[in-house]
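See structure below.
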Amino acid sequence: MAKRQIRDLLRVTPGGPVDLAAIDARSTPGFPDGVDRPKSWAGEQLQAIGAELAEHQERLYASAKRGGDRRRLLLVLQAMDCGGKDGTVKHVAGAMNPLGMRITSFGPPTDEERAHDFLWRIRRAVPEPGYVGVFNRSHYEDVLVVRVHDLVPRRIWSRRYDQINRFERELVDDGVVIVKVMLHISYNEQRVRLLERLTDPTKHWKYNPADVDERARWADYRAAYTDALARCSTEHAPWYVVPADRKWYRNWAVSHLLRETLEELKLTYPPPDFDVAAERVRLEQDDMR
Ligand code: ADP
């Protein structure tokens, strides 16, 4: 029997209901039972999987460079503040070759970005063939923070779910493999992490008093996330909800999602488009001169 995939455990079923309250942020779906020291074991696993991810990445890159393959991978990360996006980039994406990565963080749009439609800046950041892209926040902010803060009228943001689905369909048709991950932390864990930032002077720079105001809108964000997950988890670009109160599980799970996705692509190194033997002869003769 095929091994149960972590993807199947965490995927938001397209068209299915979404109930974030029913997903325990401290749970560890798919993590093996009976592991003695789960945290250190997960760390070791992450190392091993990281090496595999790097290998897949190299094939992806080689296929695009030499084989004209248009495929690329795009990891979209969304989370509430302190949800662990930065940590995920560091620990999971960090295992891959920086030369082949395109990491983009999306903050409030600049004046120039605001002058265009909401997908303009996103399109510009889509990785080229052969690359692994990471979106640290994304076009989903335009149906999350924008909705919660009424930054545009409802009639505008409510159309965006369909626009996003069409946009992602276009990307998929052009070879972009999209993995969308919501890092799901609990209200209490966010408080713990915010407090940590106050306690540790080396983390003060990460503390933003506005995050506490955002926290007061937890229920509104929950509703906005629920709609985004329910309306935009599609067969071609599914959402995954990763319980993220435990950082070691979060990293372990995201690395599995990427590995399973990359494995499915069955990437191979492109065959040489030159005569290997003849090239060898040329170089060997070169040595004798
Ligand atoms: P992070 O919290 O991701 O580490 P920042 O502290 O720079 O990074 O926060 C980025 C901010 O940008 C967040 O408050 C987020 O809500 C905001 N943001 C991102 N995209 C948009 C958008 N399209 N419209 C308004 N605000 C946005």
- Item | Mean separation of Cα contacts under 8 Å, 6 or more apart, over the residue count of the stretch 156-238: relative contact order % | 52 percent
- What is the local net charge at residue 184, summed over the other residues whose Cβ is closer than 15 Å to its Cβ (Lys, Arg +1; Asp, Glu -1)? +4
- Which of 51, 270, 149 sits closest to the plus end of the dipole of the chain, meaning its Cα is farthest towards the positive end, when Lys and Arg get +1 and Asp and Glu get -1 on the C-beta? 149
- Query: For the stretch 97-149 and the stretch 14-48, what is the separation of their C-alpha centers, rounded to whole Å?
  - Reply: 27 Å
- By how many degrees, between 0 and 90 and to the nearest 10, does the Cα long axis of helix 247-265 differ from the longest principal axis of the chain? 50 degrees
- Item | Helical contribution to [θ] at 222 nm, DSSP H n ≥ 4, -39,500 (n - 2.57), averaged over the chain, rounded to 500 | -14500 deg cm²/dmol
- Message: Give the lysines reachable from residue 180 as a straight Cα distance under 19 Å; neighbours fewer than 8 places away on the same chain don't count.
- Response: 85, 90, 247
- Message: Using 5 Å bins from zero, what percent of all Cα-Cα pairs in the chain falls into each bin?
- Response: 1, 5, 11, 15, 17, 16, 13, 9, 5, 3, 2, 2, 1, 1, 0, 0
- Task: Quote the relative contact order of the chain in percent (integer), defining contacts as alpha-carbon pairs under 8 Å separated by 6+ residues.
- Result: 34 percent
- Task: Be a star and scan the stretch 84-101 for residues whose amide nitrogen sits under 18 Å from the point 7 Å along the Cα-to-Cβ vector of residue 269.
- Result: 97, 100
- Query: Counting Lys and Arg as +1 and Asp and Glu as -1, each charge on the Cβ, what is the dipole of the chain about the Cα centre in debye, to the nearest 20?
  - Reply: 500 debye
- For the chain, with a Gaussian network of springs between Cα atoms less than 10 Å apart, report the residue from 85, 206, 247 with the top mean-square fluctuation. 206
- Message: To the nearest 20 Debye, how big is the dipole of the stretch 60-189 about its Cα centre, given +1 on the beta carbon of each Lys and Arg and -1 on that of each Asp and Glu?
- Response: 320 debye
- Note on the structure: Of the residues 140, 210, 172, the Cα lying farthest along the dipole of the stretch 132-210 towards its positive end, which is defined by charges on the beta carbon of Lys, Arg, Asp and Glu, belongs to 210
- Query: Can you work out the FRET efficiency for the pair residue 213 and residue 169, with r the C-beta to C-beta distance and R0 = 30 Å, to the nearest 0.05?
  - Reply: 0.25
- Query: Rounded to the nearest 20 Debye, what is the dipole magnitude of the stretch 229-285 about its Cα centre when Lys and Arg each give +1 and Asp and Glu each give -1 at the C-beta?
  - Reply: 440 debye
- Heavy atoms only, probe 1.4 Å: what % of the accessible area of the chain goes to carbon and sulfur, would you let me know? 50 percent
- Two pseudo-spin positions, 7 Å from Cα along C-beta at residue 145 and at residue 11, lie apart in nanometres by 3.1 nm
- Item | Global geometry of the stretch 75-135, whether rounded, prolate or oblate, following the gyration tensor of its Cα atoms and the 1.5 cut on a/c | oblate
- Contour minus Cα-Cα distance for residue 154 and residue 105 (0.36 nm per residue): 15.1 nm
- Heavy-atom surface of the chain, accessible at 1.4 Å and reported per residue (Å²): 54 Å²
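The values are calculated or read from the model by the stated rules, or taken from the named source; none is laboratory data. Keep in mind that this is a model prediction, so the values were computed, not measured. Virtual Cβ from ideal backbone geometry, glycine too; neighbours counted across all protein chains shown. Just the protein is used for accessible areas: all its heavy atoms, side chains included, with ligands, DNA and RNA removed. Shrake-Rupley method; radii C 1.70, N 1.55, O 1.52, S 1.80 Å.
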